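To start, the structure under review is shown below, and the notes come after it.
The values are calculated or read from the model by the stated rules, or taken from the named source; none is laboratory data. Since we're looking at a predicted model, the values are computed, not measured. Cβ placement follows ideal geometry from the backbone for every residue including glycine, while neighbour counts extend to all protein chains displayed.
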Amino acid sequence: MSIAKLLQRPFSVKRIPGFASIAIFTFFALYAPVIILVVYSFNQGTSLAIWEGFSLVWYQQALQNEAVQSAGLRSLFLASVAATIATTVATMAALATTRKKPFKGQTAVYTLINQPLMVPEIVTAVALLIFFAIIKVATGYQGMGYLIVAHTAFCIPFAYLPIRARLQGMDLSLERAAADLYATPWMTFKRITLPLMAPGIMAGFMLAFVISLDDVVISEFVKTPGQETLPTYMLGQLRRVVTPEVNAISSVLLAISIVFVALFFFLNSRRN
């Protein structure tokens, strides 16, 4: 084949030597542990490595475990509230950084919003622990508010990125046409901007919800006695006696994440 024909062919990563082998190995490394976890959640025995027969006993035990029920409901409540607040704040921040004329310090604002993504999570957890400890001493408050504030804080950048990306990819012609037709800024936002950015908002909420739901480090540092979340409960169980019940709980969390992703793509396809 001549050099001219090679240059005319569009570049495809699939033609890179070894691409298929690297892709297969990557998918295997990502999903093989997850598949093994799900399979052994149906193990009848107590071993995590020896298959002793199919059974749903560990799912039944997890569902009947009051500690798991309490921690699961608390995690769902915490993730829902934190994701809702984080998505609302992220939406306002994305509008402020994309629908305004470039201003001095805009890059610094963008960096500050995404700072939690670059700071090690253990550093954030220790900082929140010290900060909340001061507030606890001053006020005596020991409620769920600390977990909600902590989860909201580190979920904001995860919700902000897809919302900002959606706004940056939107054509401004419709908004300008609405302004030419004497629509108020609020009416333009309500009828045009918000519906167009809805997929980004859904993606941001979904990502924030999942991140909050499976957080361990920050929850472990910030929570007070009696505020176990499902991940911190699982961590405590791993420190004591490891049974396939942990596999069953992990499989349920995995199923919830898959449902959220599938629901997002379904709603997005319907909207398109």
> Do you know which residues across region 78-116 are touching a residue at least 40 places away in the same chain (Cβ under 8 Å) and either under 30 Å from Gly226 (Cα atoms) or of a type in the set (Asp, Glu) (or both)?
Replying inline: Leu78, Ala79, Ser80, Val81, Ala82, Ala83, Thr84, Ile85, Ala86, Thr87, Val89, Pro116
> Restricting attention to region 20-37, which residues are within 21 Å of Val241 (Cβ to Cβ) and touching a residue at least 60 places away in the same chain (Cβ under 8 Å)?
Replying inline: Leu37
> Does any residue of region 235-244 turn out to be under 25 Å from Leu76 (Cα atoms), surrounded by 14 or more Cβ atoms within 10 Å (Cβ to Cβ) and in contact with a strand residue (DSSP E or B) (Cβ under 8 Å, 6 or more places away or on another chain)?
Replying inline: yes
>> Would you confirm, using the coordinates I've provided, whether Leu128 is closer than 21 Å to Val109 by Cβ and either among the β-branched types (Val, Ile, Thr) or modelled with pLDDT of 85 or more (or both)?
In response: no
>> Looking only at residues that are outside any helix (DSSP H, G or I) and free of Cβ contacts under 8 Å to residues at least 60 places away in the same chain in region 130-142, which one is nearest to Val216 (Cα to Cα)?
In response: Tyr141
> Mind checking whether some residue in region 48-59 is among the aromatic types (Phe, Trp, Tyr) and at pLDDT below 85?
Replying inline: yes
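Conditions tested, residue by residue: (1) in the same structural domain as Met92 (by TED's automatic domain parsing); (2) over 18 Å from the mean Cα position of the chain (by Cα); (3) without any contact (Cβ under 8 Å) to a residue 40 or more places away in the chain; (4) farther than 22 Å from Val123 by Cβ.
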residue	(1), (2), (3), (4)
Leu207	yes, no, no, no
Ser212	yes, no, no, no
Met234	yes, yes, yes, yes
Val242	yes, yes, no, yes
Leu253	yes, no, no, yes
